[in-house]
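J.: Sharing a structure, written as structure tokens. Questions coming.
The values are calculated or read from the model by the stated rules, or taken from the named source; none is laboratory data. What you see is a predicted model, and the numbers here were worked out from it, not measured in a lab. When we count neighbours, we look across all protein chains shown, and the Cβ atoms used for this are built from the backbone with ideal geometry, even at glycine. The area values use the complete protein model at the heavy-atom level, side chains included, leaving out ligands, DNA and RNA. Shrake-Rupley method; radii C 1.70, N 1.55, O 1.52, S 1.80 Å.
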Amino acid sequence: MPSQKLLEKLNEQIKHEFFSAHYYLAMASYCSEKSLDGFANFFIAQAEEERFHAMKFFDFLTEIGQRPLITGFDDPKTDFSSLQEVFELSLEHEQLVTGLINSILEVAQEENHYPTVSFLQWFIDEQVEEEATMSQLLDKIKMVGENSPGTLFLDGELGKRKFSAE
Ligand code: FEO
């Protein structure tokens, strides 16, 4: 049986993942307004992925016989000054989420709650990917600069992204 502390952390992560979806949707909206439809598509797919993450926590709590608690969150930042800022904030956000996942894992390990330890392994691996994706895109944006042919090339590439739960 997980402790109250562990349950609170698992429940809070549902909120953090849904917040992430909102945050990325705000970034999609910014890109869309600039007619960067490929970047917008990238962030819309990212928002779908975050909702998938939230539902993984929801389903896990249900599977271990616990009722998921759904709570609200503050508005995300909705205005950005540049694509570079968008990717800096995305990377920063993924680093924050990695810290949150690590802190749940620490509690699960202290309690020897093996189902949670095992469940979180997927997220540990996922966060390595999430940080790498944002970091690489940030590097590329810095390389090509804003409003360049390189930006349009990246926009075309990111327009191909589709989220799949597989
Ligand atoms: Fe759910 Fe992008 O971490």
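J.: Which semi-axis lengths, in whole Å and largest first, follow from the square roots of five times the eigenvalues of the Cα gyration tensor of the stretch 123-166? Let's see the in-between values first.
T.: On the way: eigenvalues 112, 42, 4 Å².
The equivalent ellipsoid of the stretch 123-166 has semi-axes of 24, 15, 4 Å.
J.: Compute the helix-to-body angle for 149-158: its Cα long axis versus the longest principal axis of the chain, expressed 0 to 90° and rounded to tens.
T.: It is inclined by approximately 40 degrees.
J.: Continuing with this model, one more query. Give me the distance in nm between label points sitting 7 Å out from Cα along the Cα-to-Cβ direction at residue 102 and residue 33, one decimal.
T.: 3.4 nm
J.: Now for a different question. Give the lysines reachable from residue 9 as a straight Cα distance under 26 Å; neighbours fewer than 8 places away on the same chain don't count.
T.: Excluding near neighbours in sequence, the set is 56, 77.
J.: What share of Cα pairs, in percent, lie more than 24 angstrom apart in the stretch 4-158?
T.: Tail of the P(r) past 24 Å holds 37 percent of the pairs.
J.: At 1.4 Å probe size, what's the solvent-accessible area of residue 144? Round to the nearest 10 Å².
T.: Surface accessible to solvent at residue 144 totals approximately 50 Å².
J.: I'd like the Karplus ³J(HN,Hα) series for the stretch 123-140: coefficients 6.51, -1.76, 1.60, θ = phi - 60°, whole numbers in Hz, and an x wherever there's a Gly or Pro.
T.: Using θ = phi - 60°, the values come out as 6, 4, 5, 4, 5, 4, 5, 4, 5, 4, 4, 5, 5, 5, 5, 4, 4, 5 Hz.
J.: On average, how much accessible surface per residue is there in the stretch 1-125, in Å², for a 1.4 Å probe, leaving out ligands, DNA and RNA?
T.: On a per-residue basis, the stretch 1-125 sits at 50 Å².
J.: Starting from the Cα of residue 64, step 7 Å along the direction of its Cβ; do the same at residue 143; then give the gap between the two resulting points in nm.
T.: The answer from the label model is 4.1 nm.
J.: Tell me the carbon and sulfur percent of the accessible area for the chain, rounded to whole percent, probe radius 1.4 Å. If you can, show how the numbers build up before the last one.
T.: Values: 4590 of 8880 Å².
The value for the chain is 52 percent carbon and sulfur by accessible area.
J.: Which of 70, 141, 14 moves the most in a Gaussian network model of the chain with Cα springs under 10 Å?
T.: Most flexible of the set in this elastic network: 70.
J.: Based solely on its DSSP helices, what 222 nm [θ] is calculated for the chain when runs of n ≥ 4 H residues each add -39,500 (n - 2.57) and the sum is averaged over all residues, nearest 500 deg cm²/dmol?
T.: Working: 5 runs with 126 residues, N = 166.
Calculated mean residue ellipticity at 222 nm is -27000 deg cm²/dmol.
J.: In whole angstrom, how far apart do the alpha carbon centroids of the stretch 29-50 and the stretch 89-166 sit?
T.: Centre-to-centre distance over Cα atoms comes out at 15 Å.
J.: While we're here: Excluding residues on the same chain fewer than 8 positions from residue 34, give the aspartates and glutamates whose Cα lies under 19 Å from its Cα.
T.: 79, 85, 88, 146, 155, 157
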